[in-house]
Amino acid sequence: MFARAVLAFLAMPAVVGVAIPLWIAHRDGARGSDHSAGLLLAFAGLAGLFWCVRDFYAIGKGTLAPWSPPTKLVVVGMYRFARNPMYLSVLTLVTGIAAWRGSPSTLAYAFVLALVFHVRVVLGEEPVLARSFPAEWPVYARAVPRWLPRLSPWRGPGSEEGPRRPA
């Protein structure tokens with residue numbers, strides 16, 4: 001399963017979140033000056049992406065790929081704040097690349113990507129999750145926002161990553 005997780009990562013977020021934005025930025029005739037602060041944003045997005053992929057693999061017992069989805073609903077880590085942190089991480093990564101490379105075209109790509117992600121989630125993923133996890137999904141979906149993260153982590157069923165240590 002580890003090989004499938006790596007393949008899924010390379011096939012999807014690495015292409016959509018890194019290769020395509022870098023290619024667009026390189027070819028952007030309207031490029032301004034580079035902003036190194038964008039690298040911080042890009043690395044934050046990349047770190048979030050790795051965290052989500054790890055949770056899908058370790059907790060969900062699957063990958064981010066549709067051909068090998070998690071067998072358990074993932075409601076830990078960043079998923080306690082927003083239902084789609086992997087997509088939010090990719091958008092953060094792409095926006096960081098746009099800022100770093102001073103590329104308005106890459107920023108436009110991020111907006112198009114956000115729209116595509118929203119349609120995919122609403123019309124594709126959420127109905128599948130509702131059918132696959134009929135008991136857990138409605139509780140989770142009511143408590144955790146789709147896009148704008150909660151300020152505090154959701155502590156509903158299954159959201160704890162492990163046993164709590166006594167204070």
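The values are calculated or read from the model by the stated rules, or taken from the named source; none is laboratory data. Not measured: the values here are computed from a predicted model. Positions of Cβ are generated from backbone atoms using ideal geometry, with glycine treated the same way; all protein chains shown enter the neighbour counts. With ligands, DNA and RNA removed, areas are computed over all heavy atoms of the protein, side chains included. Shrake-Rupley method; radii C 1.70, N 1.55, O 1.52, S 1.80 Å.
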Quick one: in the range 91-119, which of the residues that are polar (S, T, N, Q) and assigned to a helix (DSSP H, G or I) is least open to solvent (accessible area, probe 1.4 Å)? T106
Mind listing just one residue for me: the one in the range 130-141 that is touching a Leu at 6+ places or on another chain (Cβ under 7 Å) and in a helix (DSSP H, G or I) and, of those, least open to solvent (accessible area, probe 1.4 Å)? Y140
Scan the range 21-41 for residues that are open to solvent by 10 Å² or more (accessible area, probe 1.4 Å) and in contact with a Leu (Cβ under 9 Å, 6 or more places away or on another chain) and report the count. 1
Kindly evaluate L107 against the criterion of being among the hydrophobic types (A, V, I, L, M, F, W, C), within 30 Å of D28 (Cβ to Cβ) and touching a helix residue (DSSP H, G or I) at 6+ places or on another chain (Cβ under 7 Å). yes
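Restricting the range 158-167 to residues that are closer than 24 Å to A135 by Cβ and surrounded by fewer than 13 Cβ atoms within 10 Å (Cβ to Cβ), which is modelled with the highest pLDDT? Can you show your working first?
Quick first cut of the range 158-167, residues closer than 24 Å to A135 by Cβ only: 158-164.
Okay, now just the ones that are also surrounded by fewer than 13 Cβ atoms within 10 Å (Cβ to Cβ), so 162-164.
Numbers: G162: 48, P163: 44, R164: 45.
If we take residues in the range 158-167 being closer than 24 Å to A135 by Cβ and surrounded by fewer than 13 Cβ atoms within 10 Å (Cβ to Cβ), then G162 is modelled with the highest pLDDT.
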